[in-house]
Amino acid sequence: MKAFRITVLIWALLPLVTGLVDVLVGPSAWQGIGANLSERDFVDPVLDSQVRFVGLIWFGYGALLCFCLQDLQKYARLLRAALLLVFMGGIARLLSIFLVGMPDSGAGQGFIIFALVIELVLMPALLWWQSKLT
C-alpha cells in the first residue's frame, strides 16, 4: 500500500506543478512543449482564459489525488474515478490525433507521446494496482 501511495503522490505532482504553471504563465508556457502558435496567438484573450481555466482544473485534479491519499480505502471510488477520467482524456487525445494529426515539431510530438503513455498506460496500471489493494 505504501508503494501505491508514493506512486500516486508522485503522479499528483505533475498536475499540481503544470497546472500552476498554466495558471501563472498562461499559454506562453506551451512554447516549450512545441505549441505551433504565433506570438499574437499566445496572447489571444480566449486562449489565455481557457489555458488558465483548464490549468486550475488540472491543478485541482492533483489536489484531489492528494486528498484521496488521506484514506485510500475511504476514497477508493473517488480515486478510481479520477484515474479513469485521465484515461478517458487519453482516448480524447487519440481522437484529436485521428482528426487533426500529430504536431509537426519534435517537441510537440514528444509531448503528445509522453501524455499518451501517462493516460493510456500509467492510468490503467494504477487502476489495476488499486483494484488489487481495495
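Ignoring ligands, DNA and RNA, please state the percent of accessible area on the chain from carbon and sulfur, probe 1.4 Å. Mind dumping the intermediate values first?
Details: 5820 of 8210 Å².
Accessible surface attributable to carbon and sulfur in the chain totals 71 percent.
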For this session: Give the accessible area for ILE10 in Å² (nearest 10); use a 1.4 Å probe, count only protein heavy atoms, and leave out ligands, DNA and RNA.
Result: 110 Å²
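Can you tell me the length gained on complete extension of the stretch ASP44 to LYS74, counting 0.36 nm per residue apart and subtracting the Cα distance? Before the final figure, lay out the partial values.
Details: separation 30, 0.36 × 30 = 10.80 nm, distance 4.30 nm.
Stretched fully, the ASP44-LYS74 segment lengthens by 6.5 nm.
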Exercise. Which distance in Å, rounded to a whole number, links the C-alpha centroids of segment 23-57 and segment 74-134?
Worked result: 21 Å
Seminar exercise, completed: With bins of 5 Å, the percent of all Cα-Cα pairs of the chain per bin from 0 is 2, 10, 16, 21, 20, 13, 9, 5, 2, 1
Problem set entry | Heavy-atom accessible area per residue - segment 75-134, 1.4 Å, Å² | 61 Å²
For this session: Could you check which residue among GLY101, GLY55, GLY19 shows the biggest mean-square fluctuation in a GNM of the chain with a 10 Å Cα cutoff?
Result: GLY101
Exercise. Label point 7 Å out from LEU84 along Cα-to-Cβ: which residues of segment 105-124 have amide N under 20 Å?
Worked result: 118-124
Problem set entry | Kyte-Doolittle mean at least 0.0 and Cα axial length at least 24 Å: DSSP H helices in the chain | 2-25, 45-68, 76-100
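The values are calculated or read from the model by the stated rules, or taken from the named source; none is laboratory data. The structure displayed is predicted, hence computed values, not measured ones. Please note: Cβ atoms are built from the backbone with ideal geometry, for glycine as well, and neighbour counts cover all protein chains shown. Just so you know, the surface numbers come from the protein's heavy atoms only, side chains and all, with ligands and any DNA or RNA stripped out. Shrake-Rupley method; radii C 1.70, N 1.55, O 1.52, S 1.80 Å.
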